[in-house]
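Every number in this text was worked out from the coordinates using simple rules, so none of it is lab data. Please read all numbers here as calculations on a predicted model, not as lab measurements. Cβ placement follows ideal geometry from the backbone for every residue including glycine, while neighbour counts extend to all protein chains displayed.
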Amino acid sequence: MRRLLLTLGMLALAGPAFALALEVPLDRLITDSDVIVKARVTGLASHWTDDHATIVTDVTLAVVESWAGGLVPGSPLTLQVQGGEVGDTRIVFEHTTVFSPDEEAVLFLKATTSARLRVNAAEQGKYTVLGDQVVSFRQQTLPLSALHATVNRLKPANDR
């Protein structure tokens, strides 16, 4: 009985974390995003938060193409993601979007209440560009042109 209660307690605590891991269908990811861009990572800078509670990474990108939301190609874009490494301390968060230097990605972004942008649906909102293909967080590959066509089909012209 005690083991059952402990297991149920752990499941209750895991509930909110599990909810974050639910897969968002591509059509909903597209329609729920405020900005969709193809961008290249130009810088990564990890640092402690002001209250020294955790580490975050500022990701600087150059917009290569704007698919929705009106960002101008060539303009800089900075996102902040949870986790990173400062000195000998590394903090990793499950389901957080991870970026690498010089990589290109199609990003599905959502505006926050503070007028900043964040990756929509955590790791699901980033498709890594490899030549003329993109790779999802589940390592599924599809043509970049097919993804772009799907965005064009689902986003109203005035949002692009």
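Assorted remarks:
- Within the stretch 29-58, residues that are in contact (Cβ under 8 Å) with a residue 12 or more places away in the chain and within 18 Å of residue 116 (Cα to Cα) have Cβ atoms under 7 Å from residues that are aromatic (Phe, Trp, Tyr) and outside any strand (DSSP E or B) in these pairs: 41/99; 44/99, counting only partners at least 6 apart in sequence or on another chain.
- Scanning the stretch 37-53 for residues that are under 26 Å from residue 108 (Cα atoms) and either among the acidic types (Asp, Glu) or assigned to a strand (DSSP E or B) (or both) yields 37, 38, 39, 40, 41, 42, 43, 44, 45, 46, 47, 48.
- Residue selected from the stretch 62-99 under the condition under 20 Å from residue 130 (Cα atoms) and under 13 Å from the mean Cα position of the chain (by Cα), by the criterion surrounded by the most Cβ atoms within 10 Å (Cβ to Cβ): 97
- The set of residues in the stretch 18-59 that are buried (at least 16 other Cβ atoms within 10 Å of the Cβ) and of a type in the set (S, T, N, Q) comprises 33, 46, 57.
- Where residue 143 falls short, out of the listed (1) under 17 Å from the mean Cα position of the chain (by Cα); (2) closer than 20 Å to residue 27 by Cβ: (1)
- Of all the residues in the stretch 110-141, those that are without any contact (Cβ under 8 Å) to a residue 12 or more places away in the chain and either surrounded by 11 or more Cβ atoms within 10 Å (Cβ to Cβ) or among the aliphatic types (A, V, I, L, M) (or both) number 6.
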